[in-house]
Amino acid sequence: MVTISAPFPPRRRMALKQISSNRCFGGLQKVFEHSSVELKCKMRFAVYLPPQAESGKCPALYWLSGLTCTEQNFISKSGYQQAASEHGLVVIAPDTSPRGCNIKGEDDSWDFGTGAGFYVNATEDPWKANYRMYSYVTEELPQLINANFPVDPQRMSIFGHSMGGHGALICALKNPGKYRSVSAFAPICNPVLCSWGKKAFSGYLGPDESKWKAYDATCLVKAYSGSQIDILIDQGKDDEFLSNGQLLPDNFIAACTEKKIPVVFRLQEGYDHSYYFIATFIADHIRHHAKYLNA
């Protein structure tokens, strides 16, 4: 095991424990563990260091995974490393929720609690102490990455899949100028209107539905007044969660059109919700981000 001490002031100092390191497309795919201040538990994240990181600082691209995933799904199934190596991007993939918090009910269902943090800051008991994935992804994790890895803090983008696509969209829309670009695979676009979102938001944020809108991409677009951001979305046409009303991309597209926010939405014939779909189009998404990150 390799331990790296982070140069934080005393309150924010964290140690990184390396869990694994594998050579991949000339770079290194690594996994680390650290004690999270926001989530009050041990968390793992994956980081890919391209060959270019050996000689200078690279842009940082954050990936947010979907329901039930850990940091492992994306790094082992998507094949993103080849494109990240070619374009010189450091790619960071965190877990999807706090782990092992011993909260009653956290492991009862696959779409709430463990593996289903929904990238919000919970305000309801018993979740609010640990379930702060929004702050973890937008603040704590980037600070940790910037302090310990050869990345340029001014060049950062974000993308994700399903629940993580929702996460990527809201992180970009809630923080104008923070991310150079954003993209998503089959994102949950309008969670206040779908059963996954209603279950998660009522549990984490309480019964007041007006509070839910702060974490809904479609609602955020309607109120967006920040700098221009170009959005890329790929959606499989044969995705069961599209047909059963969980994803609702049409609502998001309509809101973007009304606000004149550029969005490229590609409905991919014959593709489903799986990592086979992601692997097919991942290079397009890396290229999308590289265009802005390497500009």
**Fill in**
Among helices (runs of 4 or more DSSP H) entirely within region 185-263, at least 3 residues that are buried (at least 18 other Cβ atoms within 10 Å of the Cβ) and touching a residue at least 12 places away in the same chain (Cβ under 8 Å) occur in 195-205, 217-222, 249-259
**Asked** Just checking, how many residues over region 160-184 are open to solvent by 10 Å² or more (accessible area, probe 1.4 Å) and either at positive phi or among the acidic types (Asp, Glu) (or both)?
**Response** 1
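Go through the residues of region 14-26 one by one and say whether even a single one is at pLDDT below 95 and either open to solvent by 20 Å² or more (accessible area, probe 1.4 Å) or on the phi < 0 side of the Ramachandran plot (or both). Don't jump to the end; show me each part of the working.
Step one: list which residues in region 14-26 are at pLDDT below 95, which gives 14-15.
If we keep only those that are either open to solvent by 20 Å² or more (accessible area, probe 1.4 Å) or on the phi < 0 side of the Ramachandran plot (or both) too, we end up with 14-15.
Within region 14-26, one or more residues are at pLDDT below 95 and either open to solvent by 20 Å² or more (accessible area, probe 1.4 Å) or on the phi < 0 side of the Ramachandran plot (or both).
The values are calculated or read from the model by the stated rules, or taken from the named source; none is laboratory data. Everything numeric in this text was worked out from a predicted model, so none of it was measured. Neighbour counts run over all protein chains shown; Cβ positions are idealised from the backbone, glycine included. All accessible areas refer to the heavy atoms of the entire protein, side chains included, with ligands and DNA or RNA removed. Shrake-Rupley method; radii C 1.70, N 1.55, O 1.52, S 1.80 Å.
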